[in-house]
Amino acid sequence: MVSLSDIGWVGSHFFIYGCLMRGATYILYEGKVMTPNAGKMWQMCQDYKCKVAMMGPAHMRILKKLDYHGEQIKKHDLSCLKCLILGGERADPETVRWTHKNIPHVLINDTWGQTETGTVTFANMANTEEFGPVLPTLLGSVTRPFPGWDFRVFSEENEECTPGELGKLVIKLPLPPAFMLTLWGDD
């Protein structure tokens, strides 16, 4: 597993502890992986035969900007790479398309979650043995809420939306155990 997630971000903690529990290797790289060499990430994946790589969609957008035609990707054997997690904020469809065009054999897993939630909130649950998608991956969609979360979509008038309507995302209580033990001002 190689990750571009900063060590203080929740994604790094999940993968560090997950790798330790599974007996897998986690690669920590100090320095900017993307500059001046946009191929450093792919070199690490090749050299260490990484099965999983994780970065924020913003990292992938930087790699896309630095290597738009994927020349750095083509220099490396990435046949070992099975899953690429674009975690944190939403992965925009154009970045997902670019990634899939340049690394067509990997599962691109758009995953939402943040340090403040203490856990993943949405993800395309992948089969951990084969890294196959449980649900079809749709551009701009992170598929389903992670277990323990009950998200709802509400209109500006605070009415629950019907499927397909846009609105604001809210979380129904109770929150999952990994989130926090209390709410501000309401122990």
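Derivation of every value follows stated rules applied to the coordinates shown; laboratory data play no part. Computed from a predicted model, the values in this text were never measured in an experiment. With ideal geometry, Cβ positions are generated from the backbone for all residues, glycine too; neighbour counts draw on all protein chains shown.
Brief remarks follow.
- Across Lys40/Lys101; Lys74/Lys168; Lys65/Lys172, pairs whose alpha-carbon gap is larger than 29 Å: Lys74/Lys168; Lys65/Lys172
- Options Pro176, Val153, Leu166, ranked by Cα towards positive dipole end of the stretch 148-187, top entry (Cβ charges): Pro176
- Square roots of 5 times each gyration tensor eigenvalue, C-alpha, the stretch 148-187, largest first, Å: 24, 12, 6
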